[in-house]
Amino acid sequence: MADPVPLTEAEIETALAEVPGWLRADNEITRTFAIRYHGGVAMIVHVADVERLIGHHADIDLRWGTVRFGITTHDAGHRLTSADFDLARRIDAIAAAHEAKPLDA
């Protein structure tokens, strides 16, 4: 497998516009969803199943009432790649299926 290619600043801005609600924090994109604790656990398992299939993983923070996802490509030196934005879209779809409410800034 080829090494992941980091996106340019212009490519990051374009990709970020295509995933509304995701915020950039340095070399990571993040999004937090409101969901009851046990629903959050179920959503995380669903996300983890998809991550295993695509070979790309988010950092996940489960709290009472929220789940936060942070995505970067570790294999690209913790820089953003197209895989990060693909995973963000997948997480959005899974969150919607679990009726999680985005906590957009």
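FYI, it's all coordinate maths here, none of it is from the lab. Model, not experiment: these values are computed from the prediction. No Cβ is skipped: glycine too gets one built from the backbone with ideal geometry, and neighbour counts run over all protein chains shown.
Just from its helices, what would the mean residue ellipticity at 222 nm be for the chain, if runs of 4 or more DSSP H residues each count -39500 (n - 2.57) and the sum is divided by every residue, rounded to the nearest 500 deg cm²/dmol? Provide the component values of the computation, followed by the final result.
Details: 3 runs with 43 residues, N = 105.
Roughly -13500 deg cm²/dmol at 222 nm, from the helical runs in the chain.
To make sure I understand, if each residue's beta carbon is the centre and we count other beta carbons within 10 Å, what order do H98, H74 fall in, fewest to most? Could you put the intermediate results ahead of the total?
Details: H98 18, H74 11.
Ordered from fewest to most neighbouring Cβ atoms within 10 Å, H98, H74 come out as H74, H98.
How many percent of all Cα-Cα pairs in the stretch 9-102 sit more than 18 Å apart?
On the way: 1729 of 4371 pairs.
For the stretch 9-102, the share of Cα pairs beyond 18 Å comes to 40 percent.
Calculate, axis by axis, the spread of Cα positions in the stretch 1-60 along the three principal axes, and write the results as whole Å, longest axis first.
38, 29, 18
Give me V45, V5 sorted ascending by neighbouring Cβ count inside 10 Å, so fewest comes first. Can you show the working numbers first?
Values: V45 10, V5 13.
Fewest-to-most Cβ neighbours within 10 Å comes out as V45, V5.
Give the peptides 24-37, 51-64 in descending order of average Cβ contacts within 10 Å, highest first. Please list the in-between numbers first.
Numbers: 24-37: 16.9, 51-64: 13.3.
Going from most to least packed, we get 24-37, 51-64.
Which FRET efficiency, nearest 0.05, do R52 and A10 yield, Cβ-Cβ r, R0 30 Å? Walk me through the numbers before you get to the answer.
Working: r = 32 Å, r/R0 = 1.06.
With a Förster radius of 30 Å, E is 0.40.
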